[in-house]
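**Student:** Here's a structure for you.
The values are calculated or read from the model by the stated rules, or taken from the named source; none is laboratory data. Remember, it's a predicted structure, so these values are computed and weren't measured experimentally. Backbone-built Cβ (ideal geometry, glycine too); neighbour counts: all protein chains shown.
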Amino acid sequence: MTFSWTQHRFAGGALALDVANSVILRFDAERRIDRYADPVAMIDFAAAANRFSAEKELFGPLEPVALENQSAFLDLREATDRHFRAAILGTSTGEHLANLLDAASTIIRRHPAKTAHTPLDAATARSALMLAMANEPERLKICPNCQWLFVDRSRNRSRTWCDMTVCGNRVKANRHYRRQKKELTA
Ligand SMILES: [Zn+2]
């Protein structure tokens, strides 16, 4: 099965969270998939972010992460996930935030000049910093189905799923299936 970056994979509502969500089923050791483990998928992510990211207007056209910056970019991805996940769960410490700031500043230092195309790693660092400074913890959520992180920008903060059309429907379908099965076996 070929993999492609679809709109669903940008359900995070912030570029930094979409990057963090590139690890599928992060806490399931057996089924966990790191989509960036495939170098082609990692390169393709920048072009997909230009189409689908909620922050695409903010950073201008993005270009892929240069080979020499990929390891710093992956460090930023992990620090982003740890910090915001802990913030949502109420377990965040100064250490989480300091690690995120360290990872972001390493990248920002490597891209001092503004260029026509923004490298994905530089944009992700800025996205993570903006999210950390926005201080709207009530808008940050973890999808109960897939564990992705997302920003709930709905007016009454009523979003439950990262993506209703994927995770919401999947859970509803499972419930429906279980109910039907119960009726059949009752
Ligand atoms: Zn989900």
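**Student:** Right, Asn21: within 16 Å of the ligand (Cβ to nearest atom), polar (S, T, N, Q), out of contact with any strand residue (DSSP E or B) (no Cβ under 6 Å at 6 or more places or on another chain) and modelled with pLDDT of 95 or more or not?
**Tutor:** Taking the combined requirement at face value, the residue satisfies it.
**Student:** Could you figure out which of (1) in contact (Cβ under 8 Å) with a residue 40 or more places away in the chain; (2) over 16 Å from the mean Cα position of the chain (by Cα) isn't true of Val166?
**Tutor:** Condition (2) is where Val166 drops out.
**Student:** Also, quick follow-up: Exactly one condition in (1) away from the ligand (no atom under 16 Å from the Cβ); (2) in contact (Cβ under 8 Å) with a residue 12 or more places away in the chain; (3) within 24 Å of Ile43 (Cβ to Cβ); (4) surrounded by 14 or more Cβ atoms within 10 Å (Cβ to Cβ) is false for Ala132; which is it?
**Tutor:** The number of the failed condition is (3).
**Student:** Scan the stretch 51-61 for residues that are crowded, with 16+ Cβ neighbours inside 10 Å and either free of Cβ contacts under 8 Å to residues at least 60 places away in the same chain or under 16 Å from the mean Cα position of the chain (by Cα) (or both) and jot them down.
**Tutor:** Correct list: Phe52, Ser53, Ala54, Glu55, Lys56.
**Student:** Name the residue that is surrounded by the fewest Cβ atoms within 10 Å (Cβ to Cβ), counting only residues in the stretch 99-124 that are more than 14 Å from Pro64 (Cα to Cα) and of a type in the set (A, V, I, L, M, F, W, C).
**Tutor:** Initial filter on the stretch 99-124 (more than 14 Å from Pro64 (Cα to Cα)): 99-106, 108-110, 112-114.
Remaining after also requiring of a type in the set (A, V, I, L, M, F, W, C): 100-101, 103-104, 108, 113.
Numbers: Leu100: 26, Leu101: 16, Ala103: 24, Ala104: 25, Ile108: 14, Ala113: 4.
Checked the stretch 99-124; the qualifying residue surrounded by the fewest Cβ atoms within 10 Å (Cβ to Cβ) is Ala113.
**Student:** Checking the structure you have, find out if any residue of the stretch 62-69 is surrounded by fewer than 18 Cβ atoms within 10 Å (Cβ to Cβ), over 16 Å from Ala122 (Cβ atoms) and free of Cβ contacts under 8 Å to residues at least 40 places away in the same chain.
**Tutor:** Scanning the stretch 62-69 turns up no residue that is surrounded by fewer than 18 Cβ atoms within 10 Å (Cβ to Cβ), over 16 Å from Ala122 (Cβ atoms) and free of Cβ contacts under 8 Å to residues at least 40 places away in the same chain.
**Student:** If I ask for residues that are more than 8 Å from the ligand (Cβ to nearest atom), surrounded by fewer than 19 Cβ atoms within 10 Å (Cβ to Cβ) and at negative phi, which ones from the stretch 142-167 would you list?
**Tutor:** Answer for the stretch 142-167, where residues must be more than 8 Å from the ligand (Cβ to nearest atom), surrounded by fewer than 19 Cβ atoms within 10 Å (Cβ to Cβ) and at negative phi: Ile142, Asp152, Arg153, Ser154, Arg155, Asn156, Ser158, Thr160, Met164, Thr165.
**Student:** Would it be correct to say that Phe3 is more than 15 Å from the chain's Cα centre (by Cα) and of a type in the set (Phe, Trp, Tyr)? Steps first, answer last, please.
**Tutor:** Values: more than 15 Å from the chain's Cα centre (by Cα): yes; of a type in the set (Phe, Trp, Tyr): yes.
Spelling it out, Phe3 is indeed more than 15 Å from the chain's Cα centre (by Cα) and of a type in the set (Phe, Trp, Tyr).
**Student:** Then there is this: Answer yes or no: is there a residue in the stretch 40-49 that is assigned to a helix (DSSP H, G or I) and within 16 Å of the ligand (Cβ to nearest atom). Give the steps one after another, and end with the answer.
**Tutor:** Initially, the stretch 40-49 is screened for residues assigned to a helix (DSSP H, G or I), giving 40-49.
So of that shortlist, the ones also within 16 Å of the ligand (Cβ to nearest atom) come out as none.
Looking for residues that are assigned to a helix (DSSP H, G or I) and within 16 Å of the ligand (Cβ to nearest atom), one finds none in the stretch 40-49, hence no.
**Student:** Looking only at the stretch 56-92, which residues are modelled with pLDDT under 95 and either touching a Phe, Trp or Tyr at 6+ places or on another chain (Cβ under 8 Å) or of a type in the set (Asp, Glu) (or both)?
**Tutor:** Glu57
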